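Down below is the structure, laid out as structure tokens.
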Amino acid sequence: MVDTYIVDANGQSALAGSVTVPADRNFRGAWVLDGTVISEDMDSAKAIFKNKIREVRKPLLEAKDVELMKALETSASTTAIATAKNALRDAPAASAIDSASTITELKAAWDTSLLGASPY
């Protein structure tokens, strides 16, 4: 039988059956091993969360760029488009992300009105 090891973000490893593992694997890259318990490092989890926002907003920004070009070609107002683009650019800096102290709070910081359905 082959043993399975879990490796945390710091490179520490432990036998999988001997540690308590978080039920949520979305922030696995933020796991840290402390004795026989694995928990999430919130700073690392926030970085993962912000990167997910950047990933999701990329096609949204590209779509807004197309809207902007069409509006410019027809001399239509670009105010709403610029406002939406700024909101997308500012999404990773949302105060709810920085103030989150638990994974549940961090997941709740996903702005569905701006980014769409939460991947969490």
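Key figures
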item	result
The range 61-83, residues that are part of a helix (DSSP H, G or I) and in contact with a Leu (Cβ under 8 Å, 6 or more places away or on another chain)	L61, K64, I81, A82
Any pair with Cβ under 8 angstrom, 6 or more apart, that starts in the range 88-105 at a residue that is within 16 Å of A47 (Cβ to Cβ) and open to solvent by 50 Å² or more (accessible area, probe 1.4 Å) and ends at one that is at pLDDT 95 or above and of a type in the set (K, R)	D98/K46
Any hit, the range 33-43, residues being modelled with pLDDT of 95 or more and part of a helix (DSSP H, G or I)	yes
Condition met for L61 (surrounded by 12 or more Cβ atoms within 10 Å (Cβ to Cβ), under 30 Å from T78 (Cα atoms) and in contact (Cβ under 8 Å) with a residue 12 or more places away in the chain)	yes
Given (1) among the β-branched types (V, I, T); (2) under 30 Å from V2 (Cα atoms); (3) in a helix (DSSP H, G or I), number of the condition I48 does not satisfy	(2)
Counted residues, the range 72-87 - those being among the hydroxyl-bearing types (S, T, Y) and surrounded by 15 or more Cβ atoms within 10 Å (Cβ to Cβ)	1
Qualifying positions in the range 9-24 - in a loop (DSSP other than H, G, I, E, B) and more than 18 Å from A100 (Cα to Cα)	A9, N10, G11, Q12, V19, V21, A23
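The values are calculated or read from the model by the stated rules, or taken from the named source; none is laboratory data. This structure is a prediction, so every number in the text was calculated from the model and none was measured. Note: ideal-geometry Cβ built from the backbone for every residue, glycine included; neighbour counts use all protein chains shown. The accessibility values were calculated without ligands, DNA or RNA, using every heavy atom of the protein model including side chains. Shrake-Rupley method; radii C 1.70, N 1.55, O 1.52, S 1.80 Å.
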